[in-house]
Amino acid sequence: TLRTQWEALRRLDHFRREGVSNLSHDLRSPLTATTACLETLEARWTSDPQRGDDRQLVEVALRNTRNAARLVQSLGDLAQLDEPEFKLHTQRLDAAELLDDIVLRFAARAAGQDVELVAEPPAADEPPTVVAVDIELFERAVANLVDNALKFCPAGGRITLAARACRHRDARGVAGRDPGPRVEVSVADTGPGIPAADIAHLFDRFYQSRQSVEPASSEHGKGLGLAIVKRIAELHGGDVWVASSSGLGTTVTLSLPAE
């Protein structure tokens with residue numbers, strides 16, 4: 001009986017992943033076409049003062065269409081990462097060096113928001129922060145954390161990226177039983193912080209804080225960015241956790257096995 005039920009669950013899970021992947025693929029084309037049309041209208045009406053009200057409506061529609069497109073893209077990515085056959089293409093690299101590239105990638109956006117974005121280099125006497133990772137996925141995970149921090153960090157705030165070699169830590173950020181070496185990549189911001197009731201659910205898919213009533217397509221509404229970070233960490237044999245207090249900022253730490 002258990003074997004039959006397990007096989008039924010396995011088939012249902014396969015159909016779920018396949019359905020989400022197909023739906024994500026089918027939705028991308030119409031969303032891309034809609035975005036292109038809205039961008040064309042926005043460009044045409046930019047210099048026409050009589051179209052001011054129309055341009056505002058187009059800007060709202062364009063913003064929500066882009067957010068919906070990102071959500072659809074994330075759905076497809078998660079479905080792919082959930083596949084049992086998914087394989088990492090790992091390479092050995094220094095995590096601290098890669099953080100410099102990510103800072104450059106977000107530099108213009110941070111400057112536009114008047115947020116200081118820096119990568120803190122390891123001290124000269126610290127062990128190397130070498131890991132074996134799928135570079136594309138690792139960059140995606142850290143970029144998701146930076147993107148999330150920029151959404152909430154106020155003007156005049158600071159976001160600090162850092163990589164440190166250390167002993168193993170569990171998901172609560174305390175020393176664990178496994179003494180194996182780890183590399184911890186952290187993204188710390190000076191934003192408003194996260195309510196304690198929400199921290200345990202931050203990496204749940206589609207979780208939305210009770211304090212927020214924004215729709216899924218809004219900039220701060222439901223999303224899959226942190227769920228993707230968690231899945232990427234799991235695929236690398238690592239974990240991720242959050243330390244935050246309301247009004248005192250937030251630090252998200254991604255822990256991976258060291259090479």
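When chymotrypsin sites (Phe, Trp or Tyr not before Pro) are flagged only if DSSP places them in a loop and at most 13 other Cβ atoms lie within 10 Å, the longest unflagged stretch of the chain comes out as 87-205. Antiparallel versus total DSSP beta bridges in the chain: what percent is that, nearest 5? Antiparallel: roughly 85 percent of the beta bridges in the chain. Only protein heavy atoms count here; on that basis, with a 1.4 Å probe, Lys151 has an accessible area of about 70 Å². With the charge dipole of segment 1-77 set up from +1 on Lys and Arg Cβ and -1 on Asp and Glu Cβ about the Cα centre, the Cα lying farthest toward the positive end among the listed residues Trp6, Ser47, Pro30 is that of Trp6.
Of all the options Arg109, Arg44, Arg140, the one that moves most in a Gaussian network model of the chain with Cα springs shorter than 10 angstrom is Arg44. For Arg182, the residues 5 or more places off, or on other chains, whose built amide H falls under 5 Å of its own are Cys166, Arg167, His168, Ala258. Accessible surface of His201, taken over heavy atoms with a 1.4 Å probe and every protein chain present, rounds to 70 Å².
The heavy atoms of Thr34 present about 60 square angstrom of accessible area, all protein chains included, probe 1.4 Å. Selection among Gly76, Ala96, Ala107 by position relative to the dipole of segment 69-112 gives Ala107 as farthest towards the positive end (Cβ unit charges, Cα centre). Backbone amide hydrogens, once placed in the peptide plane, bring Val115 within less than 5 Å of Gly156, excluding anything fewer than 5 places away on its chain.
The values are calculated or read from the model by the stated rules, or taken from the named source; none is laboratory data. Keep in mind it's a predicted model, so treat the numbers as computed, not measured. Neighbour counts are summed over all protein chains in view; Cβ atoms, including those assigned to glycine, are modelled from backbone coordinates with ideal geometry. Accessible surface areas use protein heavy atoms only, side chains included; no ligands, DNA or RNA. Shrake-Rupley method; radii C 1.70, N 1.55, O 1.52, S 1.80 Å.
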